[in-house]
Amino acid sequence: MTWRLAEWGATIGEASKFALLDPTKNLSYKLGVAGHLKGTGVQYGAQQDGSTNDKGEHVYGNTTFYFNRESGNNQAGAEMIFNPKSGDFTCRVGLEAKQEDHTWRFKLHSSGLFQAALHWHMHKAAKATLNTGFNLQDAKSGKVNGVPLGLTLEVKY
């Protein structure tokens, strides 16, 4: 089910799975909201997962938050996941900056993983992508002896 809240530009949704003969046991659901802030380029979302066990007891699942911001040719986004069992947050952040003939892309994960890429449109039929990635935790502790580089060439005819 979804409901569109036209006044403030949000959509609320719910999805459930359950047994028709006993809907209180082994129920799983997802509740979510998504929308945008008018005139800002900001989009947001949140999702709550949950379930009931075979005794009918409620169990909270992960809570996830999403944000995205577009400004001209550039955009940034983030995903944050809260795990109530462990109390941990997992976060991912990304940035994309488009220029006339090339695009920069960066990703950072709460685990320390960092990725970067340069995507270059050399010609209407040829593209090249240079990328790298390493763990910042390893760099901080001096375990990075080199940075891997990948190169992909794409030619269309």
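Of 71, 111, all but one fail to be outside the structural domain of residue 35 (by TED's automatic domain parsing) and under 27 Å from residue 32 (Cβ atoms); the exception is 111. Residues that are of a type in the set (Lys, Arg) and closer than 27 Å to residue 47 by Cβ, at least 1 per element: which strands (runs of 3 or more DSSP E) completely within segment 60-157 meet that? Result: 88-98, 102-109. Residues in segment 31-45 that are more than 18 Å from residue 74 (Cα to Cα) and buried (at least 16 other Cβ atoms within 10 Å of the Cβ): 32, 34, 35, 45. Being of a type in the set (Lys, Arg), in a strand (DSSP E or B) and surrounded by 13 or more Cβ atoms within 10 Å (Cβ to Cβ), is that true of even one residue in segment 2-15? The answer is no, given that none of the residues of segment 2-15 is of a type in the set (Lys, Arg), in a strand (DSSP E or B) and surrounded by 13 or more Cβ atoms within 10 Å (Cβ to Cβ). For segment 37-84, the set of residues classified as aliphatic (A, V, I, L, M), touching a strand residue (DSSP E or B) at 6+ places or on another chain (Cβ under 7 Å) and farther than 21 Å from residue 14 by Cα consists of 42, 76, 78, listed by residue number. Return the residues of segment 128-146 that are over 27 Å from residue 103 (Cβ atoms) and touching a Leu at 6+ places or on another chain (Cβ under 8 Å); say none if nothing qualifies. Once the filter is applied, which keeps residues that are over 27 Å from residue 103 (Cβ atoms) and touching a Leu at 6+ places or on another chain (Cβ under 8 Å), segment 128-146 yields nothing.
The values are calculated or read from the model by the stated rules, or taken from the named source; none is laboratory data. The shown structure was predicted, so the numbers you read here are calculated from the model rather than taken from an experiment. Don't worry about glycine lacking a Cβ; one is built from the backbone with ideal geometry, like all the others, and counts go over all protein chains shown.
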